[in-house]
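K.L.:
Sharing a structure with you now.
The values are calculated or read from the model by the stated rules, or taken from the named source; none is laboratory data. Just so it is clear, the structure is predicted and the values come from calculations on it, not from any experiment. Backbone-built Cβ (ideal geometry, glycine too); neighbour counts: all protein chains shown.
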Amino acid sequence: MSAEETGDALEQVARELGIVRQAPPPARTLPGRRRAGPAAAAGPTLRLVERDDVLFVEEGRRTIAGTRRRSARSLLGKTIRELPLEKLERSQLGSALDRLDTRLTPPRGLRRLDASGKLVPYTGRPAGGVLLLVHGTFSNCDQLLAELDATEQGQAFLRWALESYDLVLTFDHPTLSVAPAINARELSLLLAGSRASVDVICHSRGGLVTRWWMEGFDRGDAAVRRAVFLGSPLAGTGLAAPPNLRATLSLLANMGNALGKVAGLGAVAMPFLAAVTGLFQIVSSVTNLVAKTPVVDAALAMVPGLAAMSRVGNNHELATMRLWAPEVRNRYFVVQSNFESTDPGWKFWRWFRKDRMLDHVADAVFDGPNDLVVDTASMTGFSSQTTFTLPGSQVLDFGTSAVVHHTNYLRQPQTLAFVRRAFD
């Protein structure tokens with residue numbers, strides 16, 4: 001997508017979510033009196049600005065019709081789109097998150113992949129061997145299966161899965177309105193009483209859901225539980241850290257823009273843009289994007305699904321999970337990457353890493369290597385104990401790659417071969 005097309009897409013998803021603020025009606029004046037401009041419309045204004053082919057999400061606030069307060073940074077670039085959004089009252093924040101989750105993850109609960117490749121609701125008690133897929137933030141399991149179905153190797157993998165397991169299940173869940181531990185509790189209830197052996201492929205935040213389920217809520221036999229973590233923020237992600245909030249929204253806008261340019265990835269791009277508009281409205285209804293902590297801490301805490309994977313020192317949920325070293329041998333497997341591309345369409349990645357920043361006014365998200373969404377070092381961060389190590393044979397490391405990023409792990413033949421080796 002061009003920057004203008006990305007602006008169109010942002011506006012489209014904002015209207016679908018019903019969060020675009022309508023212009024106030026013209027003010028009526030009495031004869032002989034000077035006509036005054038309409039009263040200021042309350043609410044944040046999302047401004048999409050392009051500088052050096054990189055998109056930035058900024059906040060503006062309209063004052064009098066026809067005028068607006070502009071930041072110095074906006075003057076340095078081209079304003080692509082400006083969207084006035086409805087301001088939410090505190091009592092509306094939870095409902096807004098629920099609507100956004102519904103937009104991003106319409107299905108909920110367990111579904112079964114049938115022989116024709118379709119997902120159908122599943123309410124039984126699993127038995128035998130089960131392959132379970134768990135998605136990440138701004139996603140759903142339909143997208144994971146679409147990634148597999150996009151390549152011949154992926155299609156062969158699905159055939160292998162249907163032949164090798166008694167059931168192939170997916171678990172769809174809200175990713176913003178609740179924390180991963182809550183999702184894990186739901187999963188444990190859905191699988192209650194099952195004696196099935198379960199192999200899990202979990203992507204991104206789905207890895208946190210999986211760990212909470214396997215280590216906190218599951219009452220099954222640990223000897224028949226295994227998981228492959230694809231780019232999971234086991235020690236958190238800078239993307240969800242409160243100080244990086246403005247940069248995070250900009251990064252998500254660039255992700256949507258870049259993915260929209262790749263054939264067949266338009267459906268993957270739209271959730272990132274929906275997240276930009278939805279999160280912008282929610283956070284900007286509480287504070288502004290340039291506010292400092294602890295105000296931003298409090299704003300992000302209203303998005304439990306993000307706060308739970310924030311890469312900050314006071315994330316007690318992650319700290320609790322990482323306090324002990326889990327049993328990982330032949331149980332936990334990791335796929336990771338550090339994405340660095342010279343392709344002009346992906347040049348934005350440099351603006352969001354502290355060690356590669358091209359401009360001192362840009363906000364950073366990551367301290368170092370990452371796959372565009374999760375810090376690479378976090379992907380094997382099962383424990384805070386310094387003596388913990390994950391066997392090298394249980395890690396597929398793409399290293400520094402110009403191809404492998406957060407959204408396409410399942411398109412890589414090496415990933416699929418690694419999963420089969422882990423589970424075979």
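K.L.:
In the set Leu318, Leu279, Leu273, which member is hydrophobic (A, V, I, L, M, F, W, C), modelled with pLDDT of 90 or more and not assigned by TED's automatic domain parsing to the domain that holds Leu85?
P.N.:
Answer to the selection: Leu318.
K.L.:
Go through (1) basic (Lys, Arg); (2) surrounded by 17 or more Cβ atoms within 10 Å (Cβ to Cβ); (3) at pLDDT below 95 for Arg195 and report which single condition fails.
P.N.:
If we test Arg195 against (1) basic (Lys, Arg); (2) surrounded by 17 or more Cβ atoms within 10 Å (Cβ to Cβ); (3) at pLDDT below 95, just (2) comes out false.
K.L.:
Given the condition assigned to a loop (DSSP other than H, G, I, E, B), in contact with a strand residue (DSSP E or B) (Cβ under 6 Å, 6 or more places away or on another chain) and touching a residue at least 12 places away in the same chain (Cβ under 8 Å), answer yes or no: does some residue in the range 397-416 qualify?
P.N.:
Yes, that holds for at least one residue.
K.L.:
Could you list, in sequence order, the residues of the range 384-421 that are of a type in the set (Gly, Ala, Ser) and either surrounded by 13 or more Cβ atoms within 10 Å (Cβ to Cβ) or touching a Pro at 6+ places or on another chain (Cβ under 7 Å) (or both)?
P.N.:
The answer is Ser384, Ser401, Ala417.
K.L.:
Does Arg356 meet the test of being of a type outside the set (Val, Ile, Thr), part of a loop (DSSP other than H, G, I, E, B), closer than 22 Å to Ser250 by Cα and not assigned by TED's automatic domain parsing to the domain that holds Ala258?
P.N.:
So Arg356 fits the description; yes.
K.L.:
Consider the range 159-198. How many of its residues are more than 22 Å from Thr105 (Cα to Cα), assigned to a helix (DSSP H, G or I) and either touching a Leu at 6+ places or on another chain (Cβ under 8 Å) or not assigned by TED's automatic domain parsing to the domain that holds Ala115 (or both)?
P.N.:
Number satisfying all stated conditions: 3.
K.L.:
All but one of (1) surrounded by 24 or more Cβ atoms within 10 Å (Cβ to Cβ); (2) at pLDDT 95 or above hold for Ala241, so report the exception by its number.
P.N.:
Against the list (1) surrounded by 24 or more Cβ atoms within 10 Å (Cβ to Cβ); (2) at pLDDT 95 or above, Ala241 comes up short only on (2).
K.L.:
Let me ask something else about it. Taking the criterion of being within 18 Å of the chain's Cα centre (by Cα) and at pLDDT 95 or above, would at least one residue in the range 380-389 satisfy it?
P.N.:
There is no residue in the range 380-389 that is within 18 Å of the chain's Cα centre (by Cα) and at pLDDT 95 or above.
K.L.:
Still on this structure, I have one more. Consider the range 214-250. How many of its residues are of a type outside the set (A, V, I, L, M), farther than 21 Å from Gly7 by Cβ and in a helix (DSSP H, G or I)?
P.N.:
7
K.L.:
For the range 371-385, how many residues are under 15 Å from Leu396 (Cα atoms) and out of contact with any His (no Cβ under 6 Å at 6 or more places or on another chain)?
P.N.:
So the count comes out to 6.
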